[in-house]
Every structure is written in structure tokens, then in C-alpha cells.
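Take a look at the structure set out below.
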Amino acid sequence: MDGRARGTRSSWAARLLLVGGAVCLLASPALPYWAMQVRAPQYPKGLHLRIYPHRLSGDVREIDGLNHYIGMRPLVQGATTERRLAIPALMLISLGLLLAAALPRRWAVAFTLPAILFPLLFVGDLYWWLRDFGLNLDPHAPLNRAIKPFVPTLLGPGRVGQFASVAWFAGGFYLSVAAAAAAALAALLRFRRAPRAGARLTAAMGIILLPVAWPADAATLVVEPSGAHETIASALEAAAPGDTIVVQGGVHRGPLVLEKPVTLIGERGPVIDGGGRGTVVRVEAPDAVVRGFIVRGSGDRLSTDDAGIVVTGARALVEANRIEGVLFGIDVRHAPHTILRRNVLSGMSLPVARRGDLIRVWYSDHVIIEDNELTGGRDAVLWFSQGLAVRRNVVRRARYGLHFMYCHDSLVEDNDVSDSSVGAYLMYSQRLRLWRNRITGNRGPSGYGIGLKDMDEAAVQDNLIADNRVGVFLDNAVGALEANLIAYNDVGVAMLPSVQQVRFAGNSLVENGEQVAIEGLGSASTTTWRGNFWSDYRGYDADGDGVGELPYRSAQLFEQLADRYPSLRLYADSPAARTLEFAAQLFPLFAPRPMLADEAPRVAPLVPAWLAARQGAGP
Amino acid sequence: MNRSKRIGVWLGILAVGALAVALIRGPAPRKAADQPAAPAGLPGDAAEVIRARTLSPSDVTAALATYTPTGRYDEYVMFASGGHSGQVLAIGLPSMRLLRVIAAFTPESWQGYGYGVKENPLTALSSSRTPEKAALTWADTHHPALSETNGDYDGEYLFIGDKANGRMVVIDLRDFESKQIVDNPVFFNNHGAAFVTPNTEYVVEGSQYAMPLGGEYAPLAQYQERYRGLMTFWKFDRAAGRILPEQSFAVELPPYWQDLADAGKLVSDGWVFVNSFNTEMATGGIEEGNPPFEAGTSQRDTDYLHLINWKKAEQAVASGKAETIKGLRVVPLKTAVEEGILYFVAEPKSPHGVDVCPEGKHLVVAGKLDPHVTIFNFERILGAIEQRDFEGQDPYGVPILRFDAVKEAQVELGLGPLHTQFDNKGYAYTSLFLESAVARWTMGDCKYQAPEGPWKLAGKVPVHYNIGHLAVAGGDTVQPDGKYLVSLNKWSVDRFLNVGPLLPQNLQLVDITRPGEQMRLLYDMPIGIGEPHYAQIIKADKLKAWEVYPEVGWDTLQQAKSPNASYESKVVRDGRTVEVHMTAIRSHFDPEHIVVTEGDHVRLFITNLERTRDATHGFAIAGYNIAASIEPGETVTIEFDAKTQGVYPFYCLEFCSALHLEMTGYLLVQPGEARVASE
């Protein structure tokens, strides 16, 4: 009696579990089963991929676009059969659970098996496809040499080149796991004789869900006086690919050549000194690391491009080095996915024209340059390289602080460029985003804070551009300048009249000697000017919505003269200039020409959020 | 006091006066301000024009500076290349009026160039090494070079290279017509062409894209071994007005891509300088996953300025040290190194000009990606060569002079410096491609001294847009004129009315008479017939062109009396050849009937008997692709086969008189049976 009652209760409980499992399973494809986020410099928000049993969603096209470079097939080509069958299969499996609940026979318990196995099947199939996609890369892909075939991570963080990814199982999968657990429990309740089978099932699932890791089998060699290796060269000679060489202090003679993929780590500040000849360190193997050294004393010949470190192997990591007394600093040539991070670079004391570039990146896609300090070199020049990330670097007393040519899809953010001839000059690049940079005091003969030449879809946003000879110079550029604070430059914005498709919105032009100058006769009226703050605006905001009731117009005769005779800018605030303007108003013989109109000028300046935060936090 | 200051002061005085009046008498009557004010000295209707056309004060000054009333002549003539039109343009300054398109490599029917007349080099061109080259009907003219005497333009000849096909044309400035086309037998492309040595001893042609000398096949895998560059020195015979290929020679160079050149003068006489790019020796192949050329050629930070001692090369050739390739004597690279003919010095990446200052002492090089110009001192170059002060050698053993030993100065000008010329006030002018501007800067250690002191940026003027070369009057001679500068802009974007997606180039005239930053843009000239790459500006009074040909019966190719000149009409039949001696004078041809039989070969000699200036006659026969321009005194020869029977009117192409339409005649080609009947 007792047993029967319990049996009935457990039977009802099992039925409840089975129905609940069926509901969970049926509901599960509404949520993604597996998701991955890819972080790439050019996609600040990251790229998302969500996999359902029957479909893909998220930034599939973007991810396919990236994958194309390494030769991975489009994601939609994967698991086509599985996706087609997924919904009918889930319905059948759920039906199985319902049958198991409805049929009073013991053998009906077999109907729960598909539901119990389904999450395992999903994981296995997903892994199989990831492996298949990652290992079968098209050898003719543009970057096939840069990326070796790999197995994308199923769970947790992963990395391919510069792309960091995180993968996790998502709601739908957990619903299916819940369904499987419910089915297994129900089966247990019915088969009390075989509890261990269920336990085994659960354990197997747990194992599969664990991230897989293969620890590298690498040795560590130490370079120190009276050690096994007294010179770096001998350690390099002895090292196997993948080994780590730790250099304990000391002064070592260059030149050094890394021909194997090794990790070279300096502890207690070891010096590599080139002795004033040629290039000090050459990184020729891929996947090498150079960290923690003082690299100094290259030659000073321009004709041989003498440098501190020349990188020609892909995926190098050059980190936390001090590179000083060199002609060129770090010269990256055809070495995609290289990372230059937290290096401190300073050049030789030579006239700026005679110096080399402290950072030079040539024909190397997806290079990351972050948190470096560059003082007293020529340029940081990046060209013929796409998908770069240049962030949080500090450049002082250079020629072109940051110089980009043919760098499509790159991201330039949070850098600080000052006291150079030109701050950032961007040329011939598409979809380059330059934002949150601080660009000040660049006053060479051109003296552009930011210059844009033949740029397509440029996005220049939230920058502080102050105290330059010319804040922003535009020549034949297409794009948007938004929410920049452009202040105290001799000229705020200078543009050639050919500039026609630039959207200029939400910027604050504060007390520039001349707010906007058109170089050569023409008007800037084909450029969109809207919602900017102009410190010389004389209108008012009656309704208090932050937007002035009168348009801001610029059409002064004096500005035209100043365009022609730049020295007149010195007198911009003098009575003479006012006299000229007055004369222009008095004698319409020489009618002032309209230059630009902002129909909705802001009445208060807008300070970029990062700057406001810094000012709020700091002294 | 200069003009703009005068205007400024004038406006200022008026303004202050008006302010005073306004203060005393209250607000000025609105009506007064609406009236166009007539400034002192300007007629009232001028004020009306100024207002109607919304001109600014500087517009008015610019207009006055360039307007050339009818019958008044220009002060300068600019010879600009016509780019891939294959021609040369002669433009008057300051009016910027197009005076003449000189037919050079491309058939031009108005001038009767390439349409049946035998007295021109297109028809006379022989010795083509490939069938493709024989059929060329166009060229890419790049760099015109006026002939020089003692380093100054003498106004006698003009040379220009064909970059696309490695050819050179000689133009005689007595009649502004092309006289000779020379085909480089060893090389396909040139870019540093033409430049002349100070007394036009040689016309220099620098190659561009390296290739196996002589045009043999070699795969790109053998680029470093088999491909080469070349500097050709074409011997010029001034009296004959001809290049003498058999007395010319060339110097073999490494397979870098040589670019623009300049000849030394005065202290640097005897040398030619040429810069280069692709010292990486990149061979491209983007489709094979290699870096594209644009990236591959930009890998290094510097290229090599080539210093070539042509007098030593001349001696080496004379002493038999040259090898003959396809009829051209070539000094081998190894010999050039051994004999001290060739040296290098590092120069900023991808430069587009090496320009020798008026005294021959300084060489200015601008790398397009370096905002500085680099100035080398020729005396120090000689010193470094003498002391063997080398920093290394290139893979071919060419010594590289130590950069710091030969560098004089580096001056920061702005973005994308490209080409430099000089004036007579101590300024140099450099085009800034990336900045779309011209920079004016001061020379140091120069017979002319600018007020700002040596090696300083003095000012900039924006130009529109993407300036390539620039030309200053006499700007590459020992005696520059200054005064005017022309900016040869590659893009015009918004400067002119829209005439469709193919836009004209824009040549802009800049007044450089006043010092410092006071450079003034005066005038825009659209060029809708080609892309002028480079130009030279000569004082008009140095040109001594004929008004009419010296004698009636003039062969314009030989510049001598033609043996076929005719003063009376005459028809001579010799078997199946018919010779027709024809005269042309307003307003008839004589004979007016040319009667031949189907299958006859016709030789037509037409002499324009006119002695009146501008009384040019044309001659065209329907259906025969024949068009001649016969200037007063000129005799032309036209040959054709009368293949098909019929009646073919011929007529004068130039509107020569009131009865021009009547200046006509008939070519009557009888059927073949007529001959049988008459025989």
C-alpha cells in the first residue's frame, strides 16, 4: 500500500517532469543555444554570433567578412541538414516525452532517451562543425599564411590573431539540458533499479561541457652570467620553437635575430645594445615575443632603415620594452596580427627631418598598437595595413604624430598627440574611426591637429582638438565630424572648397582665431553644419531647448582676406579687422560672401564625456 | 606699397571717415549704402560690374592683372606637356590663353599632322623595333625641355619625351612644329625626359619601369639579374636640328625605377641627377598574394638619388668601354661604377623631382611622404666622392655617399612636397600635393637673397586641387625671371561648370612678384585636352618664330627649299605614276582637275604661293583620309593610290578668303577600261 502510494506519487511526479521537459524542449529553440562574442578593434561593441538549433543570428555577415580573410567558409554553410531537421526533431523528441508520460508501460521509458541525449548531440555536433570550419581553411585566402588552422573554442575565452572571443552556452541549451535532466529524473523514478545509468549520463554531460585545453610542452632557458647560457644568442641557438628564454639583466650586444618562434623575456632590465650599427633586434619568426628589454644603439643610416626592432614575423608581441637611441623604433613589415604594447620609445637627438619613425607599420593587417609612449621621433606611420587598432598611445614632439595611409577599417582611440608638426594625418583610408583622442599643440608649418585627405566614411568623434595651428583640415574627405571640442586653434576648421560630403554636427568650436576657413574661393554650404556650438554665436535661446533661435552664419569679408593673407589672422581681434568688417557692411560694392550656416546652433558647448570625466576626476 | 595693402588702407580710410560722419550725424541713410559706390578712378559701370558679378577686391585686382586687351601680347609663353593627348601646349601668360597645340606624337588634322603629308616625323618615323610600335598613334608626353645656351633658355628648340613608349620628339621653335621622333631601341618607358645639358649637348632621357635592356624576354623571377634602368644621352646637333642616335649613348642603371632628372649647371655642369623609387625591387603580383606595387615600392624609408657624371661617361664611350645594344652604345653598370660615373645618395622615399638651383650648387629633393625638402650641396658631393666618404654600397656595388656629408639643409614645408622651381629673389617654390598648396621658401647660400634669411618657409598659397608640378618663369635656368608661377593641378573638382564625369585639369596662375606670404592666385585655366604634367615658361621675346616660311617652296621637315616646290602647275605621267605639281593661292588650286586612272599612284606636290601672314590653305580629298595644312610658302608632298574609280572633290580646309568655298577641285579617277581605250 505504502509502496504503491509512493509508486503512484513518483509516477505522477515522473509524468509532471516529462511534460515539463517537453515544454522546456519545445520552448528551447526560441532562445539561442550557444553564443559567441568576438572582440576586434574595429568593432568596439564586439561582434555577436548566436546559434539556435535551426538558425544563426547576430553579426553573421560581419563575421563571415572577417573569416573570409583567413579562408573560413561562410557560417551558413555549416550544419545545414541539422538546422533543417532541428524543429521537427525537437517536436518528435518532445512527443516522445509526452508519450513516455502518457503510456503506462515500463518500456515507454525508452521514449525519454532522445531527450536525454539531445544536449549531448548538440554539443558534439557543434564541436564537430567548429573543428571542421577551423581546420579546413582555404589555402588561397588573403591571410592564409597569417593564421594556422585552429579549432574555435567551444566554451570560454579564445583567441585567433588579434581577435579575442568568448563563447558560452545560452538559454535554449540550458532549457534543453533541463528537459534532459527532467527526462532522466523521470526515467530514474521509473527505473529505480538503474540509478547509476542516470548519474553516468549527467557526468558525461559535465565533462563535455568543460572547456578543453592543451597545455604547451615548452621549455624555459635562462640567460645569466655563469649559467647554461651566457648570451642571448646561445640561448636562441639552443631553443626549440615555443620555448621561453628568460634573460636576467646584463648588457647584451646586438644584433639579435629571432629566427624561431620563441618567447624572449627580460627580467631585471637587460639591455640589448646595437653598438650604433644597423638594426638591433630582428624578429623574423612568427609568434615570437619580446618583452621587458632595453633596446638601444641602432645605426643612424637612413639608407638601411636602421631600427631598434624590426618585425617581419607574423603575430609577434613586442611588449614593455624601452627602445631608445635608435633611428627607427619598431618597424613592422608584412607581419600581420602583431601587437606592440606598453613600449616606451625615444629617438636619437637629430633634427626632426633626419630622424626615423618610432613606429612604422607596413603592409601588416590587424596590428594592435596600444599604450606605447613615443617621444622625439619622426612619425608613427601606418600604411597599407587594414583593421588596425591604435589606442592609448602618447606621442610627443614628433613630425606627423599619427600618420595613416591606406588603412581601411581601423580604429584610433584615446591617443594623446601633442607638440608635433601635425597631430594625426589620415589619408586614402576607408571607414577609419578616430575618436576620443587628445590632439593639442601641433604647430608645424602645416600644423594640422587632424588632417583628412581623400578619406571615405571617416568618423572623427569626441576628440579634443586644441591649440593647433589648424584644428581640422579637410581635403576631399567624406565622413562625419561629430561632438569634437575644437578650441583655441588659430583656425578651427580649414577646408578646401572641394569638400562636399562631410557632416559636421554637435561639435563645439570655442574661441578659435578663425572658426572656419575655406582655402580658396568657394563656400562650405554643401557641407552639412548642424547643431554645433559656436563661441562667436550672437543669437539667443528663447525656449530653453539648448538650440539657438537664429542660425549661425559666417560670411565675413575679413575671413576671406585672412584666407589669402594668413598673417592677417594675427590681427583677427584688432580694431583694424573690425574696421574692415565694418567697411564691408558699409559698402556693398564688395559684398561679403556667405560661407556657411548652422541652422540649429547649440548655445552651450559640449565637452566629450571622457574629457569631462577626466577633468572631474583629476586635479 | 602693394596693391592689396592699398585697397585695405583705402577701405580703412573710407570706413573711419564714414564712422566719423556716422557718429556726428547719426545713422547713415540706408539708401546711400544701397547705391553702388564708384571708387575714385574706376568708371561707374565698373562698380556696377563688380556688384553684379559679386567680385571681391582681390578678384578685381586679379582680373586687372591678367586681362589682356585685344592686340596686346602676353609677356611669357608656357610650354606645357599635353599628357596623353601626346601633344604640347603653348599658353600665353598672364592671359592664360591657349596659343597653340603643337602636334608631336598624335595625328592632328588641323595641322595636317599624320594625315598624308610626308613632311613630318610621324610619317617619316622608321626603325621601329616591334610592329606594335610602328603603329603608335599616341603618346604620353611628360616633360618639355627648352634648348639652353649657357644654362638659359635660348628659344630655339623644344624636346619632350613619350613616357608610354620611350620616344623623344624634337620641336623647332622657328615654326613650332615637330621635326624628329627618336625611338629608344633599348627601353620602353621614360619619365625623366626630356632634360637638357646647359648647352644642349645632350637631351637626357631617363627610363622609368625597369625591363631587360633591348626588350628581350625575362621572367620577373630574374628581376634583379636581368632587369635594368637606363639613362640615355641623346646627342643633339643644333645646326641640323636633329638628335644623332649614332653619336648618342646610355648608362645602364640598377633596376630601380628612375624618375625625374635635372642636369647640373655652372659648378655642377657635367653631371645629371635623377631620383628613383622602388629601390626595394618589388615585383608586385597582388593576385599571387604579394604586396601590390604601391605597397611593395614603399617599404624602405629612402630611395637613391643617382648622380651621373656624363662627361666621364662620354669619355668611357669614346674609349670603347660601351657595349652596343640594338644600335645604342650602353655603358655597362659595372663600368659605370668602376669609372666613377655613378654614385648614389639616400633620398626621402618616392621623390618626384630633383631640382638644381640657379647657381648649380644645390640639389633639392622632395619625398612625397616627407614634409621636408632635402637640399644637397654639390660641392660637398664632390668632396665626398673625392674622399670616398661612403656609407655603403647598393647590391650592384654602386657607392652610396654618406647622407650627412652631402646634406646641406632640410626645410619643413608641408604635406606631400613634390617639385621645386626657383625665382630671382632667393625663393624656391615647392608644390605640396597632399596639401593642395604651393610653398614658398628661402634658399641659402645663393646669389639671390630673400629677406627672411636662409632655409625658411616664407608662405603658402592654396591651389585647387592636387597640384603636381609647378612652373616659374625661367624657374629651372641660371637666370630665373620669377614674376609668375603656374600650378599644374591634377584635379579640378568644383572649379568649373560641370561638363560630365571627365573633368578638365586646372592650371592656375599665381602672382609671385611680392615677397613673403604675399602670393596671389590670379586665374584658373581649364585644360580639356590632356593632362599637363610639366611646363616651362620662357620670356616671349626669346622666341624668334617665323611669321611666314622664309621662301616659297619650303620643306618644313628639312627647314630648306623643297626640290618639289612648284610655282606653276604641271602634271607628269610616268607609267602608272602621276606627279601633280599644284599651287595654292587665294582662292584657287591649280590644277583644279586631277585626272587619273584607277590603279594609278599619285604624287601630289602642293605649294602655297602666299606671302601674306596667316594666309594658310588646307587641302583635303574626300574619302582618302588626307588633310594638309599648307602655311604661306610651304610645299607639301602627298602620295596615294587611286584605287577605286569615282569622283572625289578636294577643297581648302582653311577659311582663306571670301571665296574660300570656291577653292575646290575634283580628283577624277577613271575606270580601268579608259586606260585601255586611251592606250
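The values are calculated or read from the model by the stated rules, or taken from the named source; none is laboratory data. These numbers were taken from a predicted model, which means no experiment stands behind them. Don't worry about glycine lacking a Cβ; one is built from the backbone with ideal geometry, like all the others, and counts go over all protein chains shown. Ligands, DNA and RNA are excluded from the accessible area calculation, which covers all protein heavy atoms including side chains. Shrake-Rupley method; radii C 1.70, N 1.55, O 1.52, S 1.80 Å.
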Filter the range B:476-504 for residues that are surrounded by 22 or more Cβ atoms within 10 Å (Cβ to Cβ), of a type in the set (S, T, N, Q) and within 18 Å of B:Phe433 (Cα to Cα) and give the result. B:Ser487, B:Asn489
Scan the range B:521-538 and tell me whether some residue there is more than 17 Å from the chain's Cα centre (by Cα), in a loop (DSSP other than H, G, I, E, B) and either farther than 30 Å from B:Ala239 by Cβ or touching a residue at least 24 places away in the same chain (Cβ under 8 Å) (or both). no
When you scan the range A:368-389, how many residues do you find that are under 15 Å from the mean Cα position of the chain (by Cα) and within 14 Å of chain B (Cβ to nearest Cβ)? 2
Go through (1) touching a helix residue (DSSP H, G or I) at 6+ places or on another chain (Cβ under 8 Å); (2) under 30 Å from B:Ala535 (Cα atoms); (3) charged (D, E, K, R); (4) at pLDDT 95 or above for B:Glu314 and report which single condition fails. (1)
Run down A:Leu154, A:Leu143, A:Leu175, A:Leu188 and say which single residue is open to solvent by 30 Å² or more (accessible area, probe 1.4 Å) and modelled with pLDDT under 85. A:Leu188
In the range B:405-418, how many are crowded, with 24+ Cβ neighbours inside 10 Å, more than 9 Å from every other protein chain (Cβ to nearest Cβ) and part of a strand (DSSP E or B)? 1
From the list A:Gly329, A:Gly313, A:Gly299, A:Gly356, which residue is assigned to a strand (DSSP E or B) and open to solvent by less than 40 Å² (accessible area, probe 1.4 Å)? A:Gly329
Quick check: is even one residue across the range B:432-442 more than 14 Å from chain A (Cβ to nearest Cβ), at pLDDT 95 or above and over 22 Å from A:Ser420 (Cα atoms)? no
Strands (runs of 3 or more DSSP E) enclosed by the range B:243-284 - at least 2 residues per element that are in contact with a Phe, Trp or Tyr (Cβ under 9 Å, 6 or more places away or on another chain) and among the polar types (S, T, N, Q): B:271-277
How many residues does the range B:504-516 hold that are within 12 Å of chain A (Cβ to nearest Cβ) and either touching a helix residue (DSSP H, G or I) at 6+ places or on another chain (Cβ under 6 Å) or modelled with pLDDT of 95 or more (or both)? 4
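Yes/no per residue for (1) charged (D, E, K, R); (2) open to solvent by 30 Å² or more (accessible area, probe 1.4 Å); (3) in contact with a helix residue (DSSP H, G or I) (Cβ under 7 Å, 6 or more places away or on another chain); (4) under 18 Å from B:Gly114 (Cβ atoms):
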| position | (1), (2), (3), (4) |
| --- | --- |
| B:Arg611 | yes, yes, no, no |
| B:Asp614 | yes, yes, no, no |
| B:Asn625 | no, yes, no, yes |
| B:Glu634 | yes, no, no, yes |
| B:Val647 | no, yes, no, no |
| B:Tyr651 | no, yes, no, no |
| B:Thr664 | no, yes, no, no |
| B:Leu667 | no, no, no, no |
Near pairs, Cβ below 9 angstrom, 6+ apart or cross-chain, from the range A:593-619 (within 22 Å of A:Thr440 (Cβ to Cβ)) to any residue that is modelled with pLDDT under 85 and not hydroxyl-bearing (Ser, Thr, Tyr): A:Val607/A:Gln615
Among the residues of the range A:392-407, is there at least one that is open to solvent by 10 Å² or more (accessible area, probe 1.4 Å), in the same structural domain as A:Arg443 (by TED's automatic domain parsing) and more than 25 Å from A:Gly325 (Cβ to Cβ)? yes
Could you please let me know if B:Asn498 is within 14 Å of chain A (Cβ to nearest Cβ) and either of a type in the set (Phe, Trp, Tyr) or over 23 Å from A:Ala494 (Cα atoms) (or both)? yes
Given the options B:Glu391, B:Glu379, B:Glu386, name the one that is within 14 Å of chain A (Cβ to nearest Cβ) and open to solvent by 10 Å² or more (accessible area, probe 1.4 Å). B:Glu391
Over the range B:266-278, the set of residues open to solvent by 10 Å² or more (accessible area, probe 1.4 Å) and either more than 14 Å from B:Phe344 (Cβ to Cβ) or at pLDDT 95 or above (or both) is B:Leu266, B:Val267, B:Asp269, B:Trp271
Inside the range A:481-497, the number of residues satisfying the requirement of being open to solvent by 10 Å² or more (accessible area, probe 1.4 Å) and within 14 Å of chain B (Cβ to nearest Cβ) is 1
Taking the range B:412-444 only, how many residues are under 22 Å from A:Val381 (Cα atoms) and acidic (Asp, Glu)? 2
Flagged in the range A:359-379 as outside any loop (DSSP other than H, G, I, E, B) and touching a residue at least 60 places away in the same chain (Cβ under 8 Å), in numbering order, are A:Ile368
Quick check, is B:Tyr484 part of a strand (DSSP E or B), among the aromatic types (Phe, Trp, Tyr) and under 25 Å from B:Gly353 (Cβ atoms)? yes
What about B:Phe159, is it open to solvent by less than 10 Å² (accessible area, probe 1.4 Å) and either of a type in the set (Phe, Trp, Tyr) or not assigned by TED's automatic domain parsing to the domain that holds B:Asp481 (or both)? yes
Scanning the range B:285-301 for residues that are part of a helix (DSSP H, G or I) and under 28 Å from the mean Cα position of the chain (by Cα), the one nearest to the other protein chains (Cβ to nearest Cβ) turns out to be B:Glu294
Which listed residue is within 14 Å of chain B (Cβ to nearest Cβ) and not polar (S, T, N, Q), from A:Arg392, A:Arg360, A:Arg396, A:Arg341: A:Arg360
Does A:Val478 satisfy the criteria of being assigned by TED's automatic domain parsing to the domain that holds A:Arg614 and open to solvent by 30 Å² or more (accessible area, probe 1.4 Å)? yes
Among (1) closer than 29 Å to B:His419 by Cβ; (2) open to solvent by 10 Å² or more (accessible area, probe 1.4 Å); (3) over 26 Å from the mean Cα position of the chain (by Cα), where does B:Pro254 come up short? (2)
Tally of residues being among the small types (Gly, Ala, Ser), within 14 Å of chain B (Cβ to nearest Cβ) and on the phi > 0 side of the Ramachandran plot across the range A:424-475: 1
Give just the number: which of (1) more than 30 Å from A:Gln500 (Cα to Cα); (2) open to solvent by 40 Å² or more (accessible area, probe 1.4 Å); (3) of a type in the set (S, T, N, Q) does B:Thr556 not satisfy? (2)
Scope the range B:48-73; condition more than 11 Å from chain A (Cβ to nearest Cβ), open to solvent by less than 40 Å² (accessible area, probe 1.4 Å) and within 25 Å of B:Lys490 (Cα to Cα); matching residues: B:Ala65, B:Thr66
